[in-house]
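Inspection log for the structure reproduced underneath, given as C-alpha cells.
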C-alpha cells in the first residue's frame, strides 16, 4: 500500500515538473526553471510584463530583447506558454557537433587538395607525352 502511495505521489510530482508555465503568471523562479532562461532573461520578462501582459508569442518576442524565434521555440518545448499557447513558429535549429563538423571540413579539404594534386599530375603527364610527339611529327614533315 505504501508503495502505491509513493508511486502516485511520484507521478503527481512528475506531472507538476512538466506542467506548462505561463509567462504572464510565472514568478522569476518559475521562469529560471525553464532551460535556457536565466536571471537576465527572466528579469527582462518580468520588467516587460509590468508594462502589460503579453498578448501572444509575437508580442513576447518583440518586447523581450534577446528572445527570437529560435529561443521561443526552445522555451516552448521546455513548457513555457503565452496565454496558454505553445509557440507555433520556427523549430529550434538542430545542434551541430563542432568536432564532427571540423573533421568533415578537414576531410573535404584533404580530398580537394588530393584531387587538385592528381589533376596537376595528370596534366603534367599529358603535356610530357605530347612534347615528344611534336618533334617527331616535325621531323617527318622535313
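Please rank 31, 80, 2, fewest neighbouring Cβ atoms within 10 Å first, as an exposure proxy.
Details: 31 22, 80 27, 2 6.
If I rank by nearby Cβ atoms, fewest first, I get 2, 31, 80.
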How much length is gained on full extension from residue 111 to residue 78, taking 0.36 nm per residue of separation minus their Cα-Cα distance? 7.7 nm
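What's the extension gain from residue 104 to residue 4 if we count 0.36 nm per residue and subtract their Cα-Cα distance? Intermediate values should be presented prior to the final figure.
Values: separation 100, 0.36 × 100 = 36.00 nm, distance 5.20 nm.
Extending this stretch completely gives an extra 30.8 nm.
Only the coordinates and a few stated rules stand behind these numbers; no lab work does. Since we're looking at a predicted model, the values are computed, not measured. So basically every Cβ, Gly included, is an ideal-geometry build from the backbone, and we count neighbours across all protein chains shown.
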